Amino acid sequence: MKPLSQEQVAQFTNQSQENITDPFDVYMNEVIVPEVDAANNEKERCRNQFWTYFWTALFLVSVNALVVLYRTLMYHHVLRVDQLIFINIVALLIVCWPLYSWRLQKKQDVFATFLKFYGDFKYIEPDKELADDVGLPIVPVHQTAQAEHHIAGSYSGTKVEVRDTVYIKPRATGIKKIANGVVIGLNFGETLDVNMLLFEKHGFYRKSKMPNMLTLNDKINIPAANYFNIFATDAQRPMKFLCSAFFEKVLDIKDVFGARKMYVMAQDRQIKIFLEGCRIYFDNYKLWSRKIEYDKFRRLHKQFEEIFIFIETIQALLRNNQDELDA
């Protein structure tokens with residue numbers, strides 16, 4: 001059999017890659033895009049209707065005022081204030097009707113449709129105050145934490161929560177926002193058997209030591225580790241996680257979210273990550289909000305993908321450690 005030429009090999013490779021379809025791309029094109037288009041079209045229709053009604057009402061009020069004033073000045077008729085008031089009320093009702101109709105309409109919840117792709121992931125109504133973050137070492141000291149958007153679900157046996165969070169501290173003149181960012185909480189099905197903290201350097205925590213914890217930076221010969229001050233209660237057990245793959249995936253999460261700084265805590269069965277200065281995408285579909293954009297959903301999907309890859313990496317490290325113990 002005659003071997004394939006380089007051109008034939010390249011053509012076959014390209015055809016094979018074209019046949020591999022990303023499931024999210026299919027879901028995006030077949031489900032999300034039609035809903036986004038429908039929502040945008042409906043929003044545009046209501047806006048156009050509002051402006052049509054608005055200019056019609058303005059014309060009606062103006063013409064009525066001119067007629068009343070003309071009859072009063074030219075023919076000395078009594079000024080009909082009641083007529084002016086009546087027309088103004090009618091004009092106001094005309095202008096408000098499109099807004100009222102918009103509120104009554106059942107909106108396309110594109111965000112809920114997006115989350116269906118991930119199975120049991122749900123949008124949770126945000127909590128006014130979060131008690132869970134009080135005393136959490138990877139977030140700034142604060143008095144009140146508020147979740148603005150909150151998503152929760154599970155992946156590969158791991159419970160996942162992702163939320164926009166604002167940290168607030170009272171002042172004499174009011175309240176001060178200390179920081180805001182995305183908190184990622186991962187609750188694994190088995191214990192991590194480790195207690196460690198990673199603070200990105202030059203962030204809100206600028207100390208090189210942590211009370212009652214060891215500093216591990218001098219024990220890790222990985223370039224990516226130099227981004228962090230690393231603390232743990234034990235010098236040996238964290239080493240099963242602190243490898244190149246761990247740091248690579250942690251920094252990938254920071255990059256895809258566009259965070260200024262990041263902080264990580266691993267304890268018992270849980271890993272928590274605070275990504276400072278970024279937000280998850282959420283659209284509230286208000287009439288005067290901007291049009292819904294496809295690319296923002298693609299970016300949010302990429303963020304979810306990086307979280308899932310990080311979960312798989314941690315699970316692989318746990319399995320590898322268990323295999324070494326069994327051996």
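All of the numbers you see were taken from the coordinates with simple rules; none came from a lab. What you are looking at is a predicted structure, and each value in this text was computed from that prediction instead of being measured. Don't worry about glycine lacking a Cβ; one is built from the backbone with ideal geometry, like all the others, and counts go over all protein chains shown.
Could you compute how fast the chain diffuses translationally, taking Rh as the Kirkwood radius over C-alpha pairs and applying Stokes-Einstein at 4 °C with viscosity 1.567 mPa s? Give it in µm² per second. Before the final figure, lay out the partial values.
Details: Rh = 24.6 Å.
Translational diffusion coefficient: 53 µm²/s.
Below 9 angstrom from the Cβ of residue 28, what's the summed charge of the other residues (Lys, Arg +1; Asp, Glu -1)? Present the calculation step by step, with values, prior to reporting the outcome.
Working: positive: 298; negative: 22, 25, 30.
With Lys, Arg at +1 and Asp, Glu at -1, the neighbours total -2.
Summing -39500 (n - 2.57) over the DSSP H runs of n ≥ 4 in the chain and dividing by its residue number, what mean residue ellipticity at 222 nm do you reach, to the nearest 500 deg cm²/dmol? Before the final figure, lay out the partial values.
Details: 7 runs with 140 residues, N = 327.
The helix-only estimate for the chain comes to -14500 deg cm²/dmol at 222 nm.
Largest first and in whole Å, give the semi-axes of the stretch 83-123's equivalent ellipsoid, each being the square root of 5 times a Cα gyration tensor eigenvalue. Let's see the in-between values first.
Working: eigenvalues 355, 7, 5 Å².
Here the semi-axes work out to 42, 6, 5 Å.
Taking only Cα atoms and a 10 Å spring cutoff, compute GNM fluctuations for the chain and point out the largest among 220, 311, 292.
Looking only at 220, 311, 292, the largest GNM fluctuation is found for 220.
Using a Gaussian network model of the chain with C-alpha springs under 10 Å, which one of 65, 316, 147 is most mobile by mean-square fluctuation?
Per the Cα network of the chain with a 10 Å cutoff, 65 tops the list.
Cα convex hull of the stretch 44-112: mean projected area in nm², to one decimal?
That works out to 5.2 nm².
Want the number for residue 22 to residue 171: 0.36 nm per residue separation, take away the alpha-carbon distance, what's left? Provide the component values of the computation, followed by the final result.
Details: separation 149, 0.36 × 149 = 53.64 nm, distance 5.02 nm.
So the extension gain works out to 48.6 nm.
Assuming a ≥ b ≥ c are the square roots of the Cα gyration tensor eigenvalues, decide whether the stretch 158-240 counts as rounded (a/c under 1.5), prolate (otherwise, with a/b larger than b/c) or oblate. Kindly include the intermediate steps, with their values, before the conclusion.
Values: a/c = 2.31, a/b = 1.44, b/c = 1.60.
The shape class here is oblate.
I want to verify a result. In a Gaussian network model of the chain, Cα cutoff 10 Å, which of these has the top mean-square fluctuation: 300, 275, 73?
Maximum among the listed residues: 73.
Relative to the longest principal axis of the C-alpha atoms of the chain, give the angle of the C-alpha long axis of helix 81-104, reported between 0 and 90° and rounded to the nearest 10°.
30 degrees
Quick one: compute the contact order of the chain, relative version, from alpha carbon pairs under 8 angstrom and 6+ residues apart, as a percent. Mind dumping the intermediate values first?
Values: 440 pairs, mean separation 46.9, N = 327.
Reported relative contact order: 14 percent.
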